[in-house]
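Okay, structure first, notes after.
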Amino acid sequence: MNERFSASGLMNPFFPDEVTFGEKGVTFKVSKLFKSTDNFVFYSDISGVEVDSGMFFSTVRIIPRMRPEIIINNFTKGDAKKVKELILQKVQS
């Protein structure tokens with residue numbers, strides 16, 4: 001599968017957040033100025049996905065079981081919707 005989505009470069013051109021889909025789970029890369037955090041979550045460990053849409057960009061909120069939620073920012077509305085659909089497809093299968 002190995003699909004990858006990157007956040008918009010308009011809001012954070014040097015350090016965009018990323019979502020990478022693998023065979024067994026999803027990797028979420030949340031970048032900051034001097035560090036980044038990679039979180040890998042198995043599809044079976046995801047209990048929910050929420051998308052908060054603003055006027056131009058969306059925030060995707062992943063709710064894993066037994067871990068704090070993962071928030072990735074500044075995705076286009078289309079990419080955020082696709083990320084949610086792909087995760088829910090994998091979680092349900």
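Here, each number is a calculation from the coordinates, and none is a lab measurement. These numbers come from a predicted model, not from an experiment. Note: ideal-geometry Cβ built from the backbone for every residue, glycine included; neighbour counts use all protein chains shown.
Among the lysines, which have Cα under 21 Å from the Cα of LYS84 when same-chain residues fewer than 8 positions away are ignored?
LYS24, LYS29
With +1 assigned to the C-beta of every Lys and Arg and -1 to the C-beta of every Asp and Glu, and no other charges, what is the dipole magnitude of the chain about the Cα centre in debye, to the nearest 20?
Around 60 debye, computed over the chain.
Specify the angular offset, from 0 to 90 degrees and rounded to the nearest 10, of the alpha carbon long axis of helix 77-92 from the longest principal axis of the alpha carbons in the chain.
Tilt relative to the chain: about 20 degrees.
Which FRET efficiency value, to the nearest 0.05, is calculated for GLU69 and PHE14 with the Förster distance at 35 angstrom and r the Cβ-Cβ distance?
It comes out at approximately 0.90.
To make sure I understand the rule: partners must be aspartates and glutamates, Cα under 19 Å from the Cα of LYS90, and not fewer than 8 residues away in the same chain. Which ones qualify?
GLU3, GLU18, GLU23, ASP45, GLU50, GLU69, ASP79
So for the pair THR27, ARG4, with labels modelled 7 Å out along Cα→Cβ, what separation do we get in nm?
In this crude spin-label approximation the distance works out to 0.9 nm.
Once you mark the chymotrypsin sites (Phe, Trp or Tyr not before Pro) that are in a DSSP loop and have at most 10 other Cβ atoms within 10 Å, what is the longest gap between them in the chain?
Details: sites that count: PHE14, PHE34.
That gives 35-93 as the longest site-free run.
In the chain, which longest range has no trypsin sites (Lys or Arg not before Pro) that are both DSSP loop (not H, G, I, E or B) and surrounded by at most 16 other Cβ atoms within 10 Å?
On the way: sites that count: LYS24, LYS32, LYS35, ARG65.
Maximal segment without exposed cleavage sites: 36-64.
Can you give the charge dipole size of segment 45-93 about its Cα centre, rounded to the nearest 20 debye, using +1 on the beta carbon of Lys and Arg and -1 on the beta carbon of Asp and Glu?
Its charge dipole is roughly 100 debye.
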